[in-house]
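Pasting a structure here, questions to come.
The values are calculated or read from the model by the stated rules, or taken from the named source; none is laboratory data. None of these values were measured; they are calculated from a predicted model. Please note: Cβ atoms are built from the backbone with ideal geometry, for glycine as well, and neighbour counts cover all protein chains shown.
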Amino acid sequence: MKFSITTGIFLLAYTFSVAQIDSTKSATMFSFSADAYYRYDLNNPSGKTNNLTSFTNSNNSFELGMASIKAEHSIGKVSGTLDLGFGRRANEFSYNDANSLASVKQLFLTYAPNSHIKFTMGKFATHIGYEMVDAQLNRNYSMSYGFSYGPFFHTGVKADIGLGGNTNFMIGVANPTDFSTTISSTKVMIAQLSTANKSNHLKAYLNYQGGSGLSQLDLVFNAYLSKQFNLAYNFSHRTDKTNTGTKKWTSNALYVNYDPLESFGLTLRTEYFNDKENLAGLNSGIFQATTSGNIRVNNLTLIPEIRWEKSNNPIFEKSGGQTSQSTTSFILAAVYHF
């Protein structure tokens, strides 16, 4: 592994040194997003939230999500991206980072010697899964279990290679999952094979990360059946070596997206998360069904959402200190972006 990493870095540096600088085209783009929400759990547990996934760990409280500022600049064959996030959502995303580093959601540099290959080095959001850290890129406001217990980001180097048509391959090496900086010599391999039909109405992604006892295989399918109707499916299977042996969890999530109007859409997400081997710390199988509305007014999206969850074991809190196998929560979120 050490030899392959060193060799890869040498080849990347050599490619940069011999390439002819192309400064004929230059472009700069800025974008901004912000979100806030209110969440109420109908079990109304005392001192608890019944939130077992990312970014919505509150109950009966108005909360700030994240403010993001993203700057992208390209000139010729090279580009740089800086994506800053501020707020609880950003802190949870970069939970292993401290101080100002936690505000850097993404920071990466790219070099594309030709139209078929692109090299990227830095910190970038994971390729694994269907959902994204930025609220405006998801139709549900609350997150799936598969997203919450999978990787958030990678810090390393990768190569994106066009294989012809709509088929592409990515391969890279990165720090241990969700670490921007580390003193560990352990590295993780990341890879993705993606393809689509000629019209781009059917898309498929095979994603992977693995190394030193960690292995995660992830599949995403997208079907754009009409302008109003879209289906997506995400399967994820993760195994880790622990002190008590190898454990695993699996997630199966289906997304049904329907937009009868340009200003209004509905999404139903169903997911079964199997953590009966207690790798994620839940020690149960959990089914969740989340229905979210998307009310769009120019650049503002309002998301009223109802989420119902049921587990094999009584892991949800109730008022009075009792536990239950199910819970229902309501969210009203506001998301703005430009």
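Kindly establish whether Gly320 is on the phi > 0 side of the Ramachandran plot, touching a residue at least 40 places away in the same chain (Cβ under 8 Å) and not in a loop (DSSP other than H, G, I, E, B).
On the way: on the phi > 0 side of the Ramachandran plot: yes; touching a residue at least 40 places away in the same chain (Cβ under 8 Å): yes; not in a loop (DSSP other than H, G, I, E, B): yes.
Spelling it out, Gly320 is indeed on the phi > 0 side of the Ramachandran plot, touching a residue at least 40 places away in the same chain (Cβ under 8 Å) and not in a loop (DSSP other than H, G, I, E, B).
Can I ask one more? Among all residue pairs at least 6 apart or on different chains, which show Cβ distances below 7 Å where the first residue, located in the stretch 261-282, is farther than 17 Å from Lys310 by Cα and the second is outside any strand (DSSP E or B) and among the basic types (Lys, Arg)?
Matching pairs, first to second residue: Gly265/Arg139; Thr267/Arg139.
Pairs needed: first member in the stretch 35-55, over 15 Å from Asn140 (Cβ atoms); second member anywhere, surrounded by 20 or more Cβ atoms within 10 Å (Cβ to Cβ) and of a type in the set (Asp, Glu); C-beta distance under 7 Å; at least 6 residues apart or different chains.
If the second residue must be surrounded by 20 or more Cβ atoms within 10 Å (Cβ to Cβ) and of a type in the set (Asp, Glu), the pairs left are Asn43/Glu317; Pro45/Glu317; Lys48/Glu317; Thr49/Asp41; Asn50/Asp41; Asn50/Glu317.
Sticking with this one: Could you look through the stretch 89-112, keep only residues that are under 16 Å from the mean Cα position of the chain (by Cα) and among the charged types (D, E, K, R), and pick out the one that is farthest from Ser148 (Cα to Cα)?
The selected residue is Lys105.
Go through the stretch 223-280 and tell me which strands (runs of 3 or more DSSP E), entirely inside it, have 3 or more residues that are farther than 24 Å from His127 by Cα and not β-branched (Val, Ile, Thr).
245-261, 264-275
Pull out all pairs, ordered by first then second residue, where Cβ-Cβ is under 6 Å, the residues are six or more apart or on different chains, the first lies in the stretch 72-95 and is on the phi < 0 side of the Ramachandran plot and assigned to a loop (DSSP other than H, G, I, E, B), and the second is of a type in the set (A, V, I, L, M) and surrounded by 15 or more Cβ atoms within 10 Å (Cβ to Cβ).
Hits for this filter: Lys77/Ala112; Ser94/Ala102.
So, in the stretch 62-82, of the ones that are buried (at least 17 other Cβ atoms within 10 Å of the Cβ) and among the charged types (D, E, K, R), which residue ends up nearest to Ala102 (Cα to Cα)?
The first filter runs over the stretch 62-82 and keeps only residues buried (at least 17 other Cβ atoms within 10 Å of the Cβ), leaving 63, 65-68, 70, 77-79, 81.
Filter again for among the charged types (D, E, K, R), leaving 63, 70, 77.
Details: Glu63: 19, Lys70: 15, Lys77: 29 Å.
That would be Lys70.
Now for a separate question. Quick check on Asn59: is it surrounded by 12 or more Cβ atoms within 10 Å (Cβ to Cβ), modelled with pLDDT under 95, of a type outside the set (A, V, I, L, M) and closer than 30 Å to Leu300 by Cβ?
On the way: surrounded by 12 or more Cβ atoms within 10 Å (Cβ to Cβ): yes; modelled with pLDDT under 95: no; of a type outside the set (A, V, I, L, M): yes; closer than 30 Å to Leu300 by Cβ: yes.
In short, no.
Looking at (1) within 23 Å of Gly85 (Cβ to Cβ); (2) surrounded by 14 or more Cβ atoms within 10 Å (Cβ to Cβ), find the lone condition where Leu217 falls short.
Tallying (1) within 23 Å of Gly85 (Cβ to Cβ); (2) surrounded by 14 or more Cβ atoms within 10 Å (Cβ to Cβ), Leu217 fails exactly one: (1).
Follow-up question, since we're still on this one. Could you say whether any residue in the stretch 132-149 is crowded, with 19+ Cβ neighbours inside 10 Å, small (Gly, Ala, Ser), in contact with a Ser or Thr (Cβ under 6 Å, 6 or more places away or on another chain) and within 20 Å of Phe221 (Cβ to Cβ)?
yes
Any residue that is within 17 Å of the chain's Cα centre (by Cα), in contact (Cβ under 8 Å) with a residue 40 or more places away in the chain, assigned to a helix (DSSP H, G or I) and under 14 Å from Phe55 (Cβ atoms) - is there at least one of those in the stretch 149-164?
no
Continuing with the same structure: In the stretch 73-88, what residues are over 21 Å from Gly150 (Cβ atoms) and in contact with a strand residue (DSSP E or B) (Cβ under 7 Å, 6 or more places away or on another chain)? Before you say what the answer is, go through the steps one by one.
Within the stretch 73-88, the first condition is being over 21 Å from Gly150 (Cβ atoms), and the residues that meet it are 73-82, 84, 86-87.
Correct list: His73, Ser74, Ile75, Lys77, Val78, Ser79, Gly80, Thr81, Leu82, Leu84, Phe86, Gly87.
Let me ask something additional. Which of (1) surrounded by 14 or more Cβ atoms within 10 Å (Cβ to Cβ); (2) among the hydrophobic types (A, V, I, L, M, F, W, C); (3) over 17 Å from Val335 (Cβ atoms) does Leu261 not meet, given it meets every other one?
Of everything listed in (1) surrounded by 14 or more Cβ atoms within 10 Å (Cβ to Cβ); (2) among the hydrophobic types (A, V, I, L, M, F, W, C); (3) over 17 Å from Val335 (Cβ atoms), Leu261 misses just condition (1).
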